[in-house]
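Written out below as structure tokens is the structure these notes cover.
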Amino acid sequence: MAMHLIAGIKCGFYGGNVLKLTDDIGVLHPTIFPSVPRLFNKIYSKIKDGLAAKTGIVGKLAAKAVADKLWYLKNGQGFTHKFYDKIIFKKMKDLLGGKVRTMITGSAPISGDVLDFLKICFSAPICEGYGMTETCAGSVITF
């Protein structure tokens, strides 16, 4: 903890109510977001449900934005898009405070589709660690 203070890093904790976790995250505005797959899956479901509820031209534009960004990601062209990030994905980024630069996960398996979807939604890489927390959690990390 002292190293965090020396480096000027702020550290925040949620208020204790799991149902209000996204509210806490929005207030904290984290730049690095470590979490477990269970929470990432809940965020994924919340965003997917929100996209499914969109209708008309907004729904079609959102579906095209997701498809295009996934195509760019799969073809090695990154996970950002100047136009789509400003009009479609900004609200999604705001779920995590809007400043996330890196996300980290581990402790259990997570679907590659969920990882890819979250990468394009938050325009940030997700590091997935493999290994026992007590011994070597960061020894094997994928992006």
**Request:** Determine the sum of side-chain charges near residue 69: Lys and Arg each +1, Asp and Glu each -1, restricted to other residues whose C-beta is under 14 angstrom from that of residue 69.
**Result:** +3
**Item:** In degrees, nearest ten, helix 56-74 long axis to first principal axis of the chain (Cα)
**Value:** 50 degrees
**Message:** Show me the three semi-axes of the equivalent ellipsoid for the chain, from the C-alpha gyration tensor (sqrt of 5 times each eigenvalue), largest first, rounded to whole Å.
**Reply:** 27, 18, 15
**For region 102-113, Karplus couplings with θ = phi - 60° (6.51, -1.76, 1.60), whole Hz, Gly/Pro x** = 8, 10, 10, 9, x, 6, 6, x, 9, 5, x, 5
**Item:** Contact order relative to length of the chain, as percent, for alpha carbon pairs under 8 angstrom and 6 or more apart
**Value:** 26 percent
**Prompt:** For 115, 96, what's the fewest-to-most ordering of other Cβ within 10 Å of each Cβ?
**Reply:** 115, 96
**Complete:** Per region 22-96, sqrt(5λ) over the Cα gyration tensor eigenvalues, sorted largest first, in Å, gives 22, 16, 13
**Message:** I'd like the FRET efficiency for residue 108 and residue 42, computed as 1/(1 + (r/R0)^6) with the beta carbon distance as r and R0 of 22 Å, rounded to 0.05.
**Reply:** 0.95
**Message:** Distance cut-off 23 Å, Cα to Cα: go down the list 91/119; 48/74; 48/69; 42/93; 69/93; 10/82 and report the pairs above it.
**Reply:** 10/82
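Tally Lys and Arg at +1 and Asp and Glu at -1 over the other residues with C-beta under 13 Å from the C-beta of residue 60: what net charge comes out?
After counting each charged neighbour, the total is +1.
Every number here is computed from the coordinates shown, using simple stated rules; none is lab data. Treat the numbers as computed from the prediction; the structure is a model and nothing was measured. Please note: Cβ atoms are built from the backbone with ideal geometry, for glycine as well, and neighbour counts cover all protein chains shown.
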